1. Restricting attention to the stretch 83-137, which residues are surrounded by fewer than 17 Cβ atoms within 10 Å (Cβ to Cβ), outside any helix (DSSP H, G or I) and modelled with pLDDT under 95?
2. Assuming Arg397 fulfils every condition listed in (1) surrounded by 15 or more Cβ atoms within 10 Å (Cβ to Cβ); (2) in a helix (DSSP H, G or I); (3) in contact (Cβ under 8 Å) with a residue 24 or more places away in the chain apart from one, which condition is it?
3. Within the stretch 192-240, work out how many residues are part of a strand (DSSP E or B) and either within 16 Å of ligand 1 (Cβ to nearest atom) or not charged (D, E, K, R) (or both).
4. Going residue by residue through the stretch 58-69, is there one that turns out to be surrounded by fewer than 21 Cβ atoms within 10 Å (Cβ to Cβ) and modelled with pLDDT under 95?
5. With respect to the numbered conditions (1) of a type in the set (S, T, N, Q); (2) in a loop (DSSP other than H, G, I, E, B); (3) surrounded by 15 or more Cβ atoms within 10 Å (Cβ to Cβ), which one is the sole condition not fulfilled by Thr12?
6. Could you check the stretch 441-455 and list, in sequence order, the residues that are surrounded by 15 or more Cβ atoms within 10 Å (Cβ to Cβ) and at pLDDT below 80?
7. If you take the residues in the stretch 422-440 that are touching a Pro at 6+ places or on another chain (Cβ under 8 Å) and of a type in the set (D, E, K, R), which one is least open to solvent (accessible area, probe 1.4 Å)?
8. Could you pull out the residue among Leu57, Leu53, Leu44 that is more than 20 Å from Gly219 (Cα to Cα), assigned to a helix (DSSP H, G or I), touching a residue at least 24 places away in the same chain (Cβ under 8 Å) and within 11 Å of ligand 1 (Cβ to nearest atom)?
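The values are calculated or read from the model by the stated rules, or taken from the named source; none is laboratory data. Treat the numbers as computed from the prediction; the structure is a model and nothing was measured. Cβ sites come from the backbone with ideal geometry, for glycine too, and all protein chains shown count toward neighbours. When the accessible area is computed, the model is the full protein with side chains, heavy atoms only, and any ligands, DNA or RNA have been set aside. Shrake-Rupley method; radii C 1.70, N 1.55, O 1.52, S 1.80 Å.
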Amino acid sequence: MKRELKLYNTRTRSLDVFQPLHGKKVGLYTCGPTVYDTAHLGNLRSYIFSDILKRTLTMNGFQVKHVMNVTDVGHLTSDADTGEDKLQRAAKAEHQTAWDIAKKYETQFWHDIKELNILPPDIIVKATDRIPDQIALIQILEKKGFTYTTSDGVYFDTAKFPSYGALSRQKREDKVAGARVEVNQEKRHPADFAVWKFSPTDTKRDMEWQSPWGKGFPGWHIECSAISMKELGDQFDIHTGGIDHIPVHHENEIAQSEAATGKSPFVNFWLHGEFLVIPGKRMGKSEGNVITLADVIAKGVHPLAFRYLCLQTHYRQKMNFNWESLQAAQIGLEKIWHQIDEHQVHPKIGCAEFEQRFAAAVNHDLDTPRAVAIMHQLLKSEYPWSAKLQSLSVFDRVLALGLSSVDPGRLHTAVREVPAGVAQLLEQREQARQKKQWTLADTFRREIEASGYVIKDTDTGPVLHKK
Ligand code: AMP
Ligand code: ZN
C-alpha cells in the first residue's frame, strides 16, 4: 500500500496530497513568537502542532529544513499599523530596554519549548538580526512601484496586487469594516500595511535603524517574507501559524513576497492551527485569561501532560482548556509511563498492524486523537511487551510523550508537588475567601509567601509560583 501524506491546505481549502517541490527536501517555515511576554498555553499549542507536522514529515522520509523567526521588533498593538510596539510597551512597563525584554522572554520561550519535547527549528532568526535584508526587500517593492510613503511610514499598496485577499477569501473592500476603529487617514486603503515605520519625533525608541526612507523600524510582516525567502527560496513547501494569521499577517506576507519575486505561489501549503480557548474565549494577553507553562508546573502537572492533552484534540479544532482535563491527562500519561516501567524487556519486532494504522492516522491531516486512540489499543492488546515497546518507540518519534525510553527519574519527578503545608494554607485561604473573611485570607497569603511561594489568582482559581 502506498503511503500518502494528506494535509489540509488553507490556500486550496482542501485536503491535498503533500509532495515537496524538490525531491525529498521540505522547506518549512513557522511564524515564531513575539517576545514581549511569557508564551501562554495557546501559543504553545500552536508550536506543538508544528512539531507534530515536522515529526510526521520526518516519519515519511522527508528531509525537513525548519525555519522560525523570533519577532523582537515591529509588532504593534493593532493590526492596522497603529498603536505601540509591543516590545517597547513592555520595556516601559518593566523599566528595561526593549533589548532586555526580548532576551528575557526569548530565553523563557526556548525553555518551554524544550520542556514540551518540541524539536528546536534548524534555523532560528531574530527580526532584528535581518534588518538589511528587510530594507533590501522593501527597496525591491519600491522599485517595482508597490509602495508609497506617508508621514509615518512606507506602506504596501494593496491596490497594485490584484490577488490580495486570496488566502482568506476576503475582498479588499470587505477590509474596510474591520479596520474602522483605528483609521490611518493617510493610508490609501485600510488593507494597506506598513513595511517601514518612522521613529516618532517626540520619544526615543530603543530599537531603530537608518534606512533610505528615514530612521525607523520594519513593519511586522516584512520580517517573515525576508527571512523565509532567504532561508528557503522564493517559493517553498509549507508555512504554519495560528488561524488569526490568515486574514492579515499571512495575506501580507504573500503580497510582499509575490510582488517582489513575481512568482506564485509563494508557499505551496499553508497550515493553520485553531485556538486554545478558555471558557469559550481565545486565550490571549488582551483577553486577560493567560495561563503559562510555569502555572502548569506550579500546579504539580508535568509539561508533557499538557502536550498529551493537546494531542487529544485535532489541530484544526478549538481546544477547550480546563484544569480538570489537564489533571486527567497527567493521570493517564503517568499510568502509561508506569506500565512501560513495569515491563522492561528488550524491544523486539514491533506490531506491524498497529504501526501501519498509526502512520495512516497521522498521515491523515495529523489526526493525533486517532493516533492516541491507536496507542491505547496497542497497550491493551495481546501482543507481548517486547513488541509493544518497539511500536511505542516508533509512535513516540511523532508523539514525543516520553514513551520510548523509560526514564525512572521522571516517574518520581512527574508530580512536582507543592509542599503539603503550603497546599493546606492555600486551601485554608480559599475557604476564607469564599466566606469573605478577607483579613483571615490575607493572613494565610502572608504565611504562604513566608514559605517561599507567591499566589497568582487566575480565572480558573489560584496558582502557586516559587518566589
Ligand atoms: P505571538 O507570540 O502573538 O506572535 O503568537 C505566536 C503564535 O501563537 C501564533 O502562531 C499565533 O497564531 C498563536 N496563538 C495565539 N493565541 C493563540 C491561542 N489562543 N490558541 C492557539 N494559538 C494561538
Ligand atoms: Zn510570520
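1. Passing the criteria: Gly83, Glu84, His95, Gln96, Thr97.
2. Tallying (1) surrounded by 15 or more Cβ atoms within 10 Å (Cβ to Cβ); (2) in a helix (DSSP H, G or I); (3) in contact (Cβ under 8 Å) with a residue 24 or more places away in the chain, Arg397 fails exactly one: (1).
3. Within the stretch 192-240, the first condition is being part of a strand (DSSP E or B), and the residues that meet it are 193-198, 209, 216-218, 236-240.
Add one more test, that the residue is either within 16 Å of ligand 1 (Cβ to nearest atom) or not charged (D, E, K, R) (or both), and what stays is 193-196, 198, 209, 216-218, 236, 238-240.
Within the stretch 192-240, residues that are part of a strand (DSSP E or B) and either within 16 Å of ligand 1 (Cβ to nearest atom) or not charged (D, E, K, R) (or both) number 13.
4. Of the residues in the stretch 58-69, the ones surrounded by fewer than 21 Cβ atoms within 10 Å (Cβ to Cβ) are 58-63, 65.
Of the ones still in play, those that are also modelled with pLDDT under 95 are none.
Scanning the stretch 58-69 turns up no residue that is surrounded by fewer than 21 Cβ atoms within 10 Å (Cβ to Cβ) and modelled with pLDDT under 95.
5. With (1) of a type in the set (S, T, N, Q); (2) in a loop (DSSP other than H, G, I, E, B); (3) surrounded by 15 or more Cβ atoms within 10 Å (Cβ to Cβ) applied to Thr12, the lone miss is (3).
6. Tyr453, Ile455
7. To start, the set of residues in the stretch 422-440 that are touching a Pro at 6+ places or on another chain (Cβ under 8 Å) comprises 426, 429-430.
Filter once more, so that each one left must be of a type in the set (D, E, K, R): 429-430.
On the way: Arg429: 14, Glu430: 45 Å².
Within the stretch 422-440, the match that is least open to solvent (accessible area, probe 1.4 Å) is Arg429.
8. That would be Leu44, the only listed residue that is more than 20 Å from Gly219 (Cα to Cα), assigned to a helix (DSSP H, G or I), touching a residue at least 24 places away in the same chain (Cβ under 8 Å) and within 11 Å of ligand 1 (Cβ to nearest atom).
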